[in-house]
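Chemist: Pasting a structure below so you can have a look.
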Amino acid sequence: MKKTLALSVTALALAAAGCGGNDDSEETVEAEAAASPSEAIAEIAEVRAGLGEGLAAYRKGDADEAEQLVGTAYLEHFELVEAPLEERDAELNEELEVLISTTIRDAIKAGEPENEVAGLVQEANKGLDQAETELERG
């Protein structure tokens, strides 16, 4: 019985993995999910809000919440900015990606001084200002 169940589960997993067409690549899926420049600008506002909320939580002494908020700002909002920004300024996109996804979060996890984390958030906000300018150029 267990072997039959295991085989059934495996077969279902393989069938599910095959669904969705044969020609979809990761790049195609990303392109379909990419935001327009105006949508990306709106997402930048959400990134800023998440960074601000993360910094506020850090200042209150809740590093776990701060790290989660910054992570959410990156995963749920900056990810949508990346494709249109990459087209306009690949270097800025890479800098912001690393700064938000890794550098700020690592500083929070390491318990860096509040002013250090605040400086990194300020740096990210300056980069987001540049990104917004690039995306507005259309």
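Chemist: So, in region 115-138, of the ones that are assigned to a helix (DSSP H, G or I) and open to solvent by 70 Å² or more (accessible area, probe 1.4 Å), which residue ends up farthest from Ala90 (Cα to Cα)?
Modeler: Asn115
Chemist: Given the options Val81, Val98, Val117, name the one that is β-branched (Val, Ile, Thr) and touching a Phe, Trp or Tyr at 6+ places or on another chain (Cβ under 8 Å).
Modeler: Val117
Chemist: With respect to Glu112, is the statement that it is assigned to a helix (DSSP H, G or I) and either open to solvent by 80 Å² or more (accessible area, probe 1.4 Å) or of a type outside the set (A, V, I, L, M) (or both) true?
Modeler: no
Chemist: When you look at Glu86, is it within 15 Å of the chain's Cα centre (by Cα) and open to solvent by 60 Å² or more (accessible area, probe 1.4 Å), yes or no?
Modeler: So Glu86 fits the description; yes.
Chemist: Look at region 89-109 and say how many of its residues are more than 18 Å from Leu55 (Cα to Cα), open to solvent by less than 50 Å² (accessible area, probe 1.4 Å) and within 16 Å of the chain's Cα centre (by Cα).
Modeler: Result for region 89-109: 3.
The values are calculated or read from the model by the stated rules, or taken from the named source; none is laboratory data. Just so it is clear, the structure is predicted and the values come from calculations on it, not from any experiment. Every residue, glycine among them, receives a Cβ derived from its backbone with ideal geometry; neighbour counts consider all protein chains shown. Just the protein is used for accessible areas: all its heavy atoms, side chains included, with ligands, DNA and RNA removed. Shrake-Rupley method; radii C 1.70, N 1.55, O 1.52, S 1.80 Å.
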